[in-house]
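The values are calculated or read from the model by the stated rules, or taken from the named source; none is laboratory data. Because the structure is predicted, anything quoted here is derived from the model rather than measured. Quick reminder, even Gly has a Cβ in these numbers, built from the backbone with ideal geometry, and neighbours come from all protein chains shown. Accessible surface is based on the protein model in full, side chains and every heavy atom, while ligands, DNA and RNA are left aside. Shrake-Rupley method; radii C 1.70, N 1.55, O 1.52, S 1.80 Å.
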Amino acid sequence: MRYLAPALLCLLAVACGGDFSNDDLEFQNALPQRQDLAAKLPDAAARSGQGLRSQRVGLQALGGTSALAMESYAAGTRFNTSVDALLSLLELFRNAPPTTRETDRRIWGPYPADDHPGHELRFVMERQGAQFAYLLQYRPKGGSEDAWWTYLPGTFKADGGIRKGEGTLALDLKAARAHGFDTGDATSLDRLDIGYQTRALPTRVELLFTGAGATLPLTRYASRQVPEGLGEMAFRLPGTDLIPGGLLETLDILARWTPDGRGVLVLNILEGDAKGAKYTECWDSRTRITFLRRNWDFLNPTEGDASTCPDVSALEP
């Protein structure tokens, strides 16, 4: 996500180490880390590089390589790339002591925004009981307090231990462009939102992408996982030519997998030639389809052996 690069470069000078009080650590532990939010992809996918490639989505025959499994792994990779881009900003502040300490407030900066000449930035965190709010802000150099505008807002409510609780995180790309900042390859987006909960199992993280000019998020990714290594990715694919006909399909996909790469997937067609259709598929550790079910096929609704489907019940609500 290239639009984050300008902020990263000017923040590198912040991460220079220093002394931290116990109270500082409480603030810093309110910031999420990658291991808290990243989708856990199967080990088999990581070894073969499958998680980096997306194939054309389609329904394959029993015994063939599952294009839907590949698309699910690719969705997990896209998910992690977006999460990494956001959290890389927060990591820099976690590694540096604040420049201003107040009882329930910490401030890092202001610092020169080197990639945005004539601007400066700061990071502000406030605490109210177990609730934290933080802001990455910019303003014209030498501007008043009212001149600060927020690029990255976030919240966290602690519950149950270090970094356990519920939080939100966002990038306000529309505000950045309104202040003359170049958002790079994100010109089609107004906002990226992350919501997460790490207080109970399964943990859950959701990404929402709001397109330029849209009032509601257009794209959604959700990830859940449990300590046993089971992972889940839920996402929507609009404009997909899944079923031959005159209309494109909108697909809702829920994929779950084990650490060794076996998986089970449920696909619902929300719009298109086969609106209302439901498809279920299981695959082995080599992503070969071992079982499938089609609710629209009354003569041959299932193929393969349902007992080959992995046990992912720990992810059930």
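General observations
- For region 170-225, a residue qualifies if it is of a type in the set (V, I, T), buried (at least 19 other Cβ atoms within 10 Å of the Cβ) and in contact (Cβ under 8 Å) with a residue 24 or more places away in the chain, and the qualifying residues are T183, I194, T198, V205.
- When the strands (runs of 3 or more DSSP E) confined to region 148-240 are screened for residues that are farther than 20 Å from S72 by Cα, those reaching at least 2 such residues are found at 149-158, 165-172, 189-197, 203-211.
- Residue list for region 85-108, restricted to those being in contact (Cβ under 8 Å) with a residue 40 or more places away in the chain and either in a strand (DSSP E or B) or farther than 15 Å from S21 by Cα (or both): A85, L86, L87, S88, L89, L90, E91, L92, R101, R106, W108
- G51 being at pLDDT below 90 and either surrounded by fewer than 13 Cβ atoms within 10 Å (Cβ to Cβ) or in a loop (DSSP other than H, G, I, E, B) (or both): no
- Number of positions in region 300-317 that are open to solvent by 90 Å² or more (accessible area, probe 1.4 Å) and either of a type in the set (S, T, N, Q) or closer than 14 Å to L68 by Cα (or both): 1
- The residue that is nearest to A69 (Cα to Cα), among those in region 268-299 that are in contact with a Lys or Arg (Cβ under 7 Å, 6 or more places away or on another chain) and not polar (S, T, N, Q), is W283.
- None of D172, D190 is among the acidic types (D, E) and in contact with a Phe, Trp or Tyr (Cβ under 7 Å, 6 or more places away or on another chain) except D172.
- Neighbours by Cβ (under 7 Å, 6+ apart or cross-chain): first from region 228-250, in contact (Cβ under 8 Å) with a residue 12 or more places away in the chain and farther than 19 Å from N268 by Cβ; second open to solvent by 20 Å² or more (accessible area, probe 1.4 Å) and aromatic (F, W, Y): none
- Per-region count, region 241-267, residues assigned to a strand (DSSP E or B) and either open to solvent by 60 Å² or more (accessible area, probe 1.4 Å) or not polar (S, T, N, Q) (or both): 13
- Cβ-Cβ distances below 9 Å connect the following pairs, each with a first residue in region 286-309 that is acidic (D, E), a second residue that is open to solvent by 50 Å² or more (accessible area, probe 1.4 Å), and a separation of six or more residues or different chains: E303/A61; E303/L62; E303/R293.
- Of the residues making up region 270-284, those that are open to solvent by less than 30 Å² (accessible area, probe 1.4 Å) and either farther than 17 Å from T258 by Cβ or hydroxyl-bearing (S, T, Y) (or both) are G272, A274, A277, Y279, T280.
- Filtering region 69-90 to residues that are open to solvent by 50 Å² or more (accessible area, probe 1.4 Å) and either over 16 Å from the mean Cα position of the chain (by Cα) or among the β-branched types (V, I, T) (or both) leaves only T81.
- The numbered conditions (1) at pLDDT below 95; (2) open to solvent by 30 Å² or more (accessible area, probe 1.4 Å); (3) among the β-branched types (V, I, T) are all true for T287 except (2).
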